Amino acid sequence: VLLVISHQSKKSDVYSYGVVLLELLTRKRVIIEEERNVTGLVSWVRSIWLETGKIEEVVDSDIANTSSNLGVLARQVTEVLLLALRCTKKNPRERPTMKDITSF
């Protein structure tokens, strides 16, 4: 039996928060299984966003259809997506603090 002990920190809490935001925006699970490919949600969102830059390609279609009709909502959804991507950066030092997030 292999026991992995991870050091929990405020930065890992921020990462987890970002993952939850991505789950809410995309309505996808943390692990995405599509046609024999398994991808992590964070990697999937980051790659789609970098490739297209289109919010409707990343977020759930119900949210995308709503936000495309209302410019303000589209900007807010995009801001939440960008916050989630900042929270899930690989380098913990590049992630915002929880204080930064609550002032968002």
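Here, each number is a calculation from the coordinates, and none is a lab measurement. Given the structure is predicted, the values throughout are model-derived calculations rather than measurements. Note that we place each Cβ from the backbone using ideal geometry, even for glycine, and neighbour counts take in every protein chain shown.
Just a few scattered comments:
- Label separation (Lys90 vs Val20): 2.6 nm, computed from points 7 Å beyond Cα along the C-beta direction.
- Sequence ranges 52-65, 75-88, ranked by mean other-Cβ count within 10 angstrom, highest first: 75-88, 52-65
- Cβ-based charge dipole, the stretch 53-104, positive-most Cα from Val80, Thr66, Pro92: Pro92
- Distance between modelled label sites at Glu51 and Met98, nm, 7 Å Cα→Cβ extension: 3.5 nm
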